[in-house]
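Take a look at the structure set out below.
The values are calculated or read from the model by the stated rules, or taken from the named source; none is laboratory data. Keep in mind the model is a prediction, meaning the values are calculated, not measured. With ideal geometry, Cβ positions are generated from the backbone for all residues, glycine too; neighbour counts draw on all protein chains shown. Note: accessible area is taken over every heavy atom of the protein model, side chains too, but ligands, DNA and RNA are not part of it. Shrake-Rupley method; radii C 1.70, N 1.55, O 1.52, S 1.80 Å.
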Amino acid sequence: MYRGPASATVRSVPFFLLHHRHDAAECAVAFAAWSGFESALRHQPASSTCLTGGHAVWWRVEAEDRTAALALLPRYVAERTTLIEVRDIRIP
């Protein structure tokens, strides 16, 4: 079976789990930071514990690299975010 030239391999774009944390007193500031900030993440659902007292938010994003993933967040949010590169696996 012919698979084409070796240089024709498909490169996948990495996925990142963005884990943002803030204190309860910073919750309003963390949400206000999005005002006027252009991002594909705005107006989209995100997993959060803010309403249950945990004050963390998670996004799963596709980005070229860590810098591009953080660029999806306003600076205040990005400075308090941990990036975790993830890949999907099939659970047997």
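Here are the numbers for this structure:
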quantity	calculated
Net charge of Cβ neighbours under 12 Å - reference Thr81; Lys, Arg +1; Asp, Glu -1	+3
Set of segment 62-92 residues, backbone N closer than 19 Å to the point 7 Å along the Cα-Cβ line of His43	72-74
Cα radius of gyration and Dmax for the chain (Å)	16.9, 61
Estimated dipole of the chain in Debye, rounded to 20 [Cβ of Lys and Arg +1, of Asp and Glu -1, Cα centre]	300 debye
Å² of accessible area per residue within the chain, as computed with a 1.4 Å probe and no ligands counted	74 Å²
Sequence-separation-based contact order of the chain, relative, with Cα cut under 8 Å and 6+ spacing, percent	44 percent
Solvent exposure, largest accessible area first (probe 1.4 Å, DNA, RNA and ligands not counted), of Trp58, Trp34	Trp58, Trp34
Local electrostatic count at Ala33 - Lys and Arg +1, Asp and Glu -1, tallied over other residues with Cβ under 12 Å	+1
